[in-house]
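Presented below is the structure to which this report refers.
The values are calculated or read from the model by the stated rules, or taken from the named source; none is laboratory data. Please read all numbers here as calculations on a predicted model, not as lab measurements. As a convention, Cβ positions derive from the backbone with ideal geometry for all residues, glycine included, and neighbour counts pool all protein chains shown.
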Amino acid sequence: MPELPEVETVRRGLLAHLQGRRIRSVRVLHDRAVRRHLGGADDFQRVLAGRTVADVRRRGKYLWWVLDDDDAVLAHLGMSGQFRVGSAPNPDPAGHPHLRIRFAFDDDGPGLDFLDQRTFGGMTFAPGGAELPAAIAHIARDPLDPMFEPASAIGAVRRKHTGIKRALLDQTVVSGVGNIYADEALWRARTHFERPTDRLTRAQAAAVLAAATDVMTQALAAGGTSFDALYVNVNGESGYFDRSLNVYGRADQACPRCGTPIRRSAFMNRSSYWCPRCQRPPRA
DNA sequence: CAAACTACCTGACTGC
DNA sequence: TGCAGTCAGGTAGTTT
């Protein structure tokens, strides 16, 4: 499940692979991969052919390739999207069920494939979007952005009238945090996921955001988190931060801090993992 | 206007 | 063995 550290790992791989290369052809093999591109698959293929990739940037879980003429192409990995260098894992498009988009380049070097099992990911052309594609103008800066302002994010959290985990997952408040790192950050900050944002002190909100920043920084250094083959870098390799997770996916196992069994609770049609001793629930 | 809810997807896994 | 049900979950659009 790609969150900020995984997307940043992919961004770095894409930059190394794509910078300065001219796209020769694009083949869309599944319409859903370009569902946000209004012109459809044919237009997507046509508009990208002949364009040169100058840079690869990221905000939160979105990344975009900067093209010539100030245009860009925006991508989101969704739940299971992957960019893979070369013709791996299968040179025959028809032979790989998850291949969605295939890129070839003028230099006859390795191609690039976008694969996506669950099809929540996708790409769209973003005219004039080199600096920031208009489609993601509503996405807040993420904690690894040099322009990220903690005081601003703290204020945004405390202005919400909801639980702290919903605020962490709200990409207009702070971006890049998904279910895994939200649970890890809340455990580190000893904060229950339902604690009301409008009753957090500035120091409490700051502690949660600092914990999110720390855990994502450490995960990035480890190459990201992976539980299975769904998340991999552009070379198909998994990160190893899953060995460092303290609560996520560890229901009934001992809390690394106090030994109390970790709980799993239903939350927003998914799960929250938390320590009932370190993270006391708010009064009802 | 903001918060909450739902649809969108496929494959691995569980229980009968 | 087969099959229905559950779970994984980010985002956009809809409803409250």
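Structure values in brief
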{"quantity": "Number of the exception - A:LEU77 against (1) within 16 Å of DNA strand C (Cβ to nearest atom); (2) more than 30 Å from A:LEU169 (Cα to Cα)", "calculated": "(2)"}
{"quantity": "Number of positions in region A:117-134 that are hydrophobic (A, V, I, L, M, F, W, C), within 16 Å of DNA strand B (Cβ to nearest atom) and touching a Leu at 6+ places or on another chain (Cβ under 7 Å)", "calculated": "1"}
{"quantity": "Filter result for A:GLU184 (over 19 Å from A:LEU14 (Cβ atoms), in contact (Cβ under 8 Å) with a residue 40 or more places away in the chain and within 16 Å of DNA strand B (Cβ to nearest atom))", "calculated": "no"}
{"quantity": "Test: residue in region A:262-269 that is within 16 Å of DNA strand B (Cβ to nearest atom), modelled with pLDDT under 95, under 21 Å from A:ALA189 (Cα atoms) and buried (at least 19 other Cβ atoms within 10 Å of the Cβ)", "calculated": "yes"}
{"quantity": "Checking A:ARG84 against (1) at pLDDT below 95; (2) over 24 Å from the mean Cα position of the chain (by Cα), the condition it does not meet", "calculated": "(2)"}
{"quantity": "Test: residue in region A:180-190 that is away from DNA strand C (no atom under 14 Å from the Cβ), out of contact with any Leu (no Cβ under 7 Å at 6 or more places or on another chain) and outside any loop (DSSP other than H, G, I, E, B)", "calculated": "yes"}
{"quantity": "Looking only at region A:132-153, and only at residues there that are in a helix (DSSP H, G or I) and more than 25 Å from A:ASP31 (Cα to Cα), the one that is farthest from DNA strand C (Cβ to nearest atom)", "calculated": "A:ALA151"}
{"quantity": "Residues that are of a type in the set (A, V, I, L, M, F, W, C) and in contact with an Asp or Glu (Cβ under 7 Å, 6 or more places away or on another chain), drawn from region A:28-82", "calculated": "A:ALA33, A:ALA41, A:ALA54, A:VAL66"}
{"quantity": "Test result for A:VAL47, more than 16 Å from DNA strand B (Cβ to nearest atom), within 14 Å of A:MET123 (Cβ to Cβ) and of a type outside the set (Asp, Glu)", "calculated": "yes"}
{"quantity": "Matching entry among A:ALA167, A:ALA135, A:ALA140, A:ALA182 (being in contact with a helix residue (DSSP H, G or I) (Cβ under 8 Å, 6 or more places away or on another chain), surrounded by fewer than 24 Cβ atoms within 10 Å (Cβ to Cβ) and small (Gly, Ala, Ser))", "calculated": "A:ALA140"}
{"quantity": "Test set (1) modelled with pLDDT under 95; (2) surrounded by fewer than 19 Cβ atoms within 10 Å (Cβ to Cβ) - A:VAL232 fails condition number", "calculated": "(2)"}
{"quantity": "Index of the failed condition, A:PRO97 passing every other in (1) on the phi > 0 side of the Ramachandran plot; (2) more than 13 Å from DNA strand C (Cβ to nearest atom); (3) in a loop (DSSP other than H, G, I, E, B)", "calculated": "(1)"}
{"quantity": "Test: residue in region A:110-131 that is of a type in the set (S, T, N, Q), assigned to a loop (DSSP other than H, G, I, E, B) and under 30 Å from A:LEU18 (Cβ atoms)", "calculated": "yes"}
{"quantity": "Extreme residue, nearest to DNA strand C (Cβ to nearest atom), among residues of region A:25-49 that are touching a strand residue (DSSP E or B) at 6+ places or on another chain (Cβ under 7 Å) and without any contact (Cβ under 8 Å) to a residue 60 or more places away in the chain", "calculated": "A:ALA41"}
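So that you can scan it fast, the table gives a plain yes or no per residue for (1) crowded, with 20+ Cβ neighbours inside 10 Å; (2) not aliphatic (A, V, I, L, M):
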| site | (1), (2) |
| --- | --- |
| A:GLU8 | yes, yes |
| A:ASP31 | no, yes |
| A:ARG35 | no, yes |
| A:GLY39 | no, yes |
| A:GLN45 | no, yes |
| A:VAL53 | yes, no |
| A:LYS61 | yes, yes |
| A:HIS76 | yes, yes |
| A:GLY81 | yes, yes |
